[in-house]
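What follows is a single structure, written as structure tokens, with notes after it.
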Amino acid sequence: MISSPSLELVRGGFERRVSSYEQGAALQRSVAWRLAHHCCSLPLLEGPCADLGSGTGLLSRAIAQQRPGLDLLRLDACPALLSQEGAAALAMAATPPASLIWDLNQGLPPELQQASLLASSFALHWLNHPVEQMEHWCQELRPDGWLALALPTAGSFPQWRQAAARAGVACTALPLPEASALVAAAEQHLDLHRAERLRFSQHAESGLSFLRRMRDLGAGASPSPPLRPGEWRRLEAHWPSQPGLGGGGKLLRWEMLLLLGRKPPP
């Protein structure tokens, strides 16, 4: 069973970095835009539409830009992230988006019963029991409602895991759900129109710089105890090198699942 960090630990990490989150969230922005592209022509029926775990609103803004007039209710357990998007809207003399502070570990709120679209990017993996939570989202959709989902999965970070094994230290990466388990569960409830495993790579001069980037995004929460300074040095010494890479000689690879499915009529 996947162990997840506590809500307080996750929320605290993002609250401390909220002002600088979007500056470093290049991968999150790219994935959100790609997922939004697949939402822009969906045949949506009447019913609530929401961005689950919306954070600062990268996904909901991308959907609004590609499908004007479709405004999603933003849900997140971190008030600071939701406030960041509202403050940005006010600075532009725009109406702040509708939002709701909500812990998705508790399921979905009553406002989202019979939803027409539930979209989520870079959020489900932070929840306890992500496969079961995704199934709950599927069950809350109305007939012919859509689930649009993107998240990192267990094939991520092979270089980090290899370095930790060689160094004889714990890998403190967040445990991630298996893509195959998510797809299999979704197929029990939805007609899948897309289930892609995407791979993204990031380059840096050192392995630890990747982990600092995650920390600087507020995404460094882990159920594992932190490494001691000597363990960090051993981890860096055993991080595999990739000579000739632009931007540095170390690599970190992400595996992302992009899933799009429609709930069939009864």
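Things worth noting here:
- Any chance H189 is touching a Cys at 6+ places or on another chain (Cβ under 6 Å) and surrounded by fewer than 22 Cβ atoms within 10 Å (Cβ to Cβ): yes
- Of the residues making up the stretch 202-230, just one is closer than 25 Å to P5 by Cα and in a strand (DSSP E or B), namely Q202.
- Residue in the stretch 234-251 that is free of Cβ contacts under 8 Å to residues at least 24 places away in the same chain, assigned to a loop (DSSP other than H, G, I, E, B), on the phi > 0 side of the Ramachandran plot and among the small types (G, A, S) present: yes
- Residues in the stretch 45-64 that are small (G, A, S) and either in a loop (DSSP other than H, G, I, E, B) or touching a residue at least 24 places away in the same chain (Cβ under 8 Å) (or both): G47, A50, G53, S54, G55, G57, S60, A62.
- Scope the stretch 192-210; condition under 22 Å from R233 (Cβ atoms) and touching a Phe, Trp or Tyr at 6+ places or on another chain (Cβ under 8 Å); matching residues: Q202, A204, S206, G207, L208, F210
- Residue pairs meeting the criteria (Cβ under 8 Å; at least 6 apart or on separate chains; first part of a strand (DSSP E or B), in the stretch 139-150; second at pLDDT below 95 and of a type outside the set (A, V, I, L, M, F, W, C)): P143/P265; P143/P266; D144/P265
- Test: residue in the stretch 203-214 that is out of contact with any His (no Cβ under 6 Å at 6 or more places or on another chain), within 29 Å of A62 (Cα to Cα) and either surrounded by fewer than 15 Cβ atoms within 10 Å (Cβ to Cβ) or touching a residue at least 60 places away in the same chain (Cβ under 8 Å) (or both): yes
- Condition check for R74: modelled with pLDDT of 90 or more, assigned to a helix (DSSP H, G or I) and under 20 Å from the mean Cα position of the chain (by Cα): no
The values are calculated or read from the model by the stated rules, or taken from the named source; none is laboratory data. Everything numeric in this text was worked out from a predicted model, so none of it was measured. Counting neighbours? That spans all protein chains shown, and the Cβs are built from the backbone with ideal geometry, glycine included.
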